[in-house]
1. Could you give the angle, 0 to 90 degrees to the nearest 10, between helix 18-43's Cα long axis and the longest principal axis of the Cα atoms of the chain?
2. With a 1.4 Å probe and all protein chains in place, put Cys92, Cys55 in order of accessible area, largest first.
3. Which whole-number percent is the relative contact order of the chain (Cα, under 8 Å, 6+ apart)?
4. Leaving ligands, DNA and RNA out of it, work out the accessible area of His81 with a 1.4 Å probe and give it in Å² to the nearest 10.
5. Tell me, what is the FRET efficiency for Ala56 and Arg85 to the nearest 0.05, using R0 = 35 angstrom and their Cβ-Cβ distance as r?
6. Excluding ligands, DNA and RNA, what is the solvent-accessible area per residue of the chain at a probe of 1.4 Å, expressed in Å²?
7. Which percent of the accessible area of the chain is formed by carbon and sulfur heavy atoms (probe 1.4 angstrom)?
8. Expressed in nm to one decimal, what extension gain is obtained for the pair Glu49 and Glu23 from 0.36 nm per residue of sequence separation less their Cα-Cα distance?
Amino acid sequence: APSPGAPHPPPRLHPKPFSQLQEEGRALVVNMFDRALSMYLEHAFPKDELLPLTCAGVDNFGGIGITAIDALDSMAVLGFHDDFRERALWACETLPDFATLDVEVSVF
């Protein structure tokens, strides 16, 4: 038993160790990203967006493949290095100079 006045350890909120929960959560995120990216690349690339109900690609943001561009950082962080290289190369070779585009794109 802890001595009087000693801090008590926090209660366990889950039966699994935290590191196991972290790894399971990470695997879930990677799998979800993989599915979303695969569906976009299969059904919509190089369009801006994938419409989820029809699986059709549409250009709502100037036709610059904004989903692929926006996902580049996630590809790198989550380990999708081949996809990152392919999409980054595509962006460099295909897209116009963004300074010349007359479109409004909201990203964060």
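1. Value to nearest ten degrees: 10.
2. Working: Cys92 115, Cys55 50 Å².
My answer, sorted largest first, is Cys92, Cys55.
3. Working: 71 pairs, mean separation 16.7, N = 108.
Dividing the mean separation by the residue count of the chain yields 15 percent.
4. Per-residue accessible area (His81): approximately 90 Å².
5. Values: r = 27 Å, r/R0 = 0.77.
Efficiency, rounded to the nearest 0.05: 0.85.
6. Working: 8140 Å² over 108 residues.
Per-residue accessible area for the chain comes out at 75 Å².
7. Values: 4860 of 8140 Å².
C and S fraction of accessible area: 60 percent.
8. On the way: separation 26, 0.36 × 26 = 9.36 nm, distance 2.99 nm.
Net length gain for the segment: 6.4 nm.
The values are calculated or read from the model by the stated rules, or taken from the named source; none is laboratory data. Note that the structure is a prediction, hence the values are computed from the model and not measured. Because the Cβ atoms are built from the backbone with ideal geometry, glycine has one as well, and the counts that use them run over all protein chains shown. All accessible areas refer to the heavy atoms of the entire protein, side chains included, with ligands and DNA or RNA removed. Shrake-Rupley method; radii C 1.70, N 1.55, O 1.52, S 1.80 Å.
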